[in-house]
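Asker: Dumping the structure here so I can ask a few things about it.
Here, each number is a calculation from the coordinates, and none is a lab measurement. From a predicted model like this one, the values you see are computed outputs, not experimental measurements. Glycine also receives a Cβ, built like all others from the backbone with ideal geometry; neighbour counts cover every protein chain displayed.
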Amino acid sequence: MVERHHIVFRSQGGLDFPLNYKYLTPEQHRGPNGPHLNRETDLRYKKELQEKLFELLPNEYYTFTEVRKILGLKKSQEKHFKAVPKRAGYMAKEDIIRRLMGGRLY
């Protein structure tokens, strides 16, 4: 059996989208070396996610629609991006990634 782990916890501002999930065994998830009890593991997963986001978003600016298609977000999740600064409807890549990472970069 596997458990779905949010890399950026919802309590940290993480969203429900495929890249923010890591599927772990119960021991990997909640054991002593799991992300909930081991800060090193938690940070490693967050850094891996952040690197993947930078790879998937090579351009400097995006609309929400473009981000949604690239990352598999739901249209209803646009509300989570209201506070992200926009210029002519475009958001900067770093601001998008910061939002997806719960408000910070690692």
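Asker: Measure up LYS22/LYS82; LYS46/LYS74; LYS47/LYS93 against 19 Å on the Cα-Cα distance and list the ones that go over.
Answerer: Pairs exceeding 19 Å: LYS22/LYS82; LYS46/LYS74.
Asker: For region 29-106, which trypsin sites (Lys or Arg not before Pro) are both in a DSSP coil and crowded by at most 15 other Cβ atoms within 10 Å?
Answerer: LYS74, LYS82, LYS86, ARG104
Asker: Hey, got the Cα dimensions of the chain along the principal axes, in Å, largest first?
Answerer: Between the extreme Cα coordinates on each principal axis of the chain lie 47, 24, 23 Å.
Asker: Ok, one more. Contact order normalised by length for the chain, with contacts defined as Cα pairs under 8 Å and 6 or more residues apart; what percent is it?
Answerer: Result for the chain is 28 percent.
Asker: Stretched out fully, how many nm does the piece from ARG44 to LYS69 gain, at 0.36 nm a residue minus the Cα gap?
Answerer: Gain on stretching ARG44 to LYS69: 6.4 nm.
Asker: Restricting attention to region 1-93, which GluC sites (Glu not before Pro) occupy a DSSP loop and are surrounded by at most 13 other Cβ atoms within 10 Å?
Answerer: GLU60
Asker: Please sort by residue number the chymotrypsin sites (Phe, Trp or Tyr not before Pro) in region 1-49 whose DSSP state is loop and whose Cβ has at most 15 other Cβ atoms within 10 Å.
Answerer: Qualifying residues, ordered by number: PHE9.
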